[in-house]
Amino acid sequence: MIGQIDALSTGDVDLSKKVVIRTDDEIGQLSDKFNQLVERVYGMTVYKKVIEDDTTLEGVYRRFEPDPGFGHVCTPMLAGGHTIGVAQMRFAIDANGAALDAGMSKKLFSANTYIEQSISVLEAKRLMATLRESAMIDPLTGLYNRRFLQDHTQQIISGVLRRKTQIGLLLCDLDYFKQVNDSYGHDVGDLLLKQTSQTLRSAVRDSDIVIRFGGEEFLVLLIDVCPGDSMAVAEKIRLAIEQMKVTINGETLRKTISVGVSEFPGDTDGFWQAIKYADVALYQAKDQGRNRVLRFAPEMWQQGEF
């Protein structure tokens, strides 16, 4: 027993070295209780290592999913003085509200012990998820940024290919945006970018993705569209920006936008190549006078200008 106590103090628990119970007296009972304690500590140690390997918070939470029942006990999960979650434990009860399982109190105590062991891991994973999410959000507009696209491209592509649909890629660029910064200052330019972002977000579905691609350039991903649908949405965006008004010190500022359109995998089986095609079409739209939508065509690429 002394050897096992030493092992517990160092975290080196070996269940194969249980205390051998040779008598039914107090020493035997003590040995049995000690073996139960060792098993519980070992279980918590293994459990903590397991949830550390879970990739998401949802994966950890699913380990707490209880069997259906009628009674329940809720346990707050506290970290740093704040509640980061609540664990609900449900169990069958009789007509008087008592648990049908006579050993429920011990089980609840054991469950609470596991929850306490989980809190530090849950909080660490929550903070990591928050940091990852914040790194993918453009702080000015609140839209996703290029990093989001880089990290989630495969997931987006896989879903579309599985459903045998298309992604419409709309590369949008505000016309003569530099003039706004030069004439009114960067604060007004930032205000224009914010309002443009809101207008873009309002012009598409919740399932579509709007990304600040860089500067005054935005990339809109239309998820699960039919071939040709992208042009109609692009024109809707163009009109919405044309009608948008930004008021600065009593003066109304209006801008236009140019949009290049391509579709994946309709135009190419390379996703980033499809973005390049949309960029080529955007370049042509700018070259042809701005404030217009232009669909990529193979001859644009064959001109050898890109």
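Being part of a helix (DSSP H, G or I), over 15 Å from SER110 (Cα atoms), modelled with pLDDT of 75 or more and of a type in the set (A, V, I, L, M), is that true of even one residue in segment 17-28? Break it down into steps so the answer makes sense when it comes.
Filtering segment 17-28 for residues part of a helix (DSSP H, G or I) gives 17, 26-28.
Narrowing further to those that are over 15 Å from SER110 (Cα atoms): 17, 26-28.
Imposing the further condition that a residue be modelled with pLDDT of 75 or more reduces the set to 26-28.
Narrowing further to those that are of a type in the set (A, V, I, L, M): 27.
So far as segment 17-28 goes, yes, one or more of its residues are part of a helix (DSSP H, G or I), over 15 Å from SER110 (Cα atoms), modelled with pLDDT of 75 or more and of a type in the set (A, V, I, L, M).
Inside segment 198-217, can you point out the residues that are assigned to a strand (DSSP E or B) and among the polar types (S, T, N, Q)? Write out each step before concluding.
Of all residues in segment 198-217, those assigned to a strand (DSSP E or B) come to 209-214, 217.
Listed by number, the list is empty, since nothing qualifies.
Being surrounded by 14 or more Cβ atoms within 10 Å (Cβ to Cβ) and in a helix (DSSP H, G or I) narrows it down to one of LYS178, LYS194, so name that one.
Numbers: LYS178 fails: surrounded by 14 or more Cβ atoms within 10 Å (Cβ to Cβ).
Answer to the selection: LYS194.
Within segment 144-162, can one find any residue that is surrounded by 13 or more Cβ atoms within 10 Å (Cβ to Cβ), assigned to a strand (DSSP E or B) and among the aromatic types (Phe, Trp, Tyr)?
Yes.
Taking segment 205-217, which residues are in contact (Cβ under 8 Å) with a residue 24 or more places away in the chain and open to solvent by 50 Å² or more (accessible area, probe 1.4 Å)?
GLU216
Say whether the condition of being of a type in the set (Ser, Thr, Tyr), without any contact (Cβ under 8 Å) to a residue 60 or more places away in the chain and farther than 30 Å from GLU39 by Cα is met by at least one residue in segment 116-127.
The first filter runs over segment 116-127 and keeps only residues of a type in the set (Ser, Thr, Tyr), leaving 118, 120.
Applying the additional criterion that residues be without any contact (Cβ under 8 Å) to a residue 60 or more places away in the chain yields 120.
Now restrict to residues that are farther than 30 Å from GLU39 by Cα: none.
So far as segment 116-127 goes, no, none of its residues is of a type in the set (Ser, Thr, Tyr), without any contact (Cβ under 8 Å) to a residue 60 or more places away in the chain and farther than 30 Å from GLU39 by Cα.
Within segment 134-189, which residues are under 15 Å from the mean Cα position of the chain (by Cα), among the polar types (S, T, N, Q) and within 27 Å of ARG238 (Cβ to Cβ)?
Initial filter on segment 134-189 (under 15 Å from the mean Cα position of the chain (by Cα)): 134-138, 142-156.
If we keep only those that are among the polar types (S, T, N, Q) too, we end up with 134, 145, 150, 153-155.
Answer for segment 134-189, where residues must be under 15 Å from the mean Cα position of the chain (by Cα), among the polar types (S, T, N, Q) and within 27 Å of ARG238 (Cβ to Cβ): ASN145, THR153.
Could you run through segment 125-136 and say how many residues are of a type outside the set (Lys, Arg) and open to solvent by less than 50 Å² (accessible area, probe 1.4 Å)? It would help to see each step written out before you state the result.
Step one: filter segment 125-136 for residues of a type outside the set (Lys, Arg), giving 127-131, 133-136.
Among the residues that remain, those that are also open to solvent by less than 50 Å² (accessible area, probe 1.4 Å) are: 129, 135-136.
Number of matching residues: 3.
Just checking, does segment 70-90 include any residue being at pLDDT 75 or above, touching a Lys or Arg at 6+ places or on another chain (Cβ under 7 Å), of a type outside the set (Gly, Ala, Ser) and within 30 Å of PHE148 (Cβ to Cβ)?
Checked against the condition, which is being at pLDDT 75 or above, touching a Lys or Arg at 6+ places or on another chain (Cβ under 7 Å), of a type outside the set (Gly, Ala, Ser) and within 30 Å of PHE148 (Cβ to Cβ), segment 70-90 yields no hits at all.
For segment 176-199, does any single residue satisfy the condition of being β-branched (Val, Ile, Thr) and at pLDDT 95 or above? Talk me through it step by step, then tell me what you get.
First pass over segment 176-199, keeping only residues β-branched (Val, Ile, Thr): 180, 188, 196, 199.
Filter again for at pLDDT 95 or above, leaving 196, 199.
Taking every residue of segment 176-199 in turn, at least one turns out to be β-branched (Val, Ile, Thr) and at pLDDT 95 or above.
The values are calculated or read from the model by the stated rules, or taken from the named source; none is laboratory data. All values reported here derive from a predicted model rather than from experimental measurement. Counting neighbours? That spans all protein chains shown, and the Cβs are built from the backbone with ideal geometry, glycine included. What goes into the accessible areas is simple: the full protein's heavy atoms, side chains included, and nothing from ligands, DNA or RNA. Shrake-Rupley method; radii C 1.70, N 1.55, O 1.52, S 1.80 Å.
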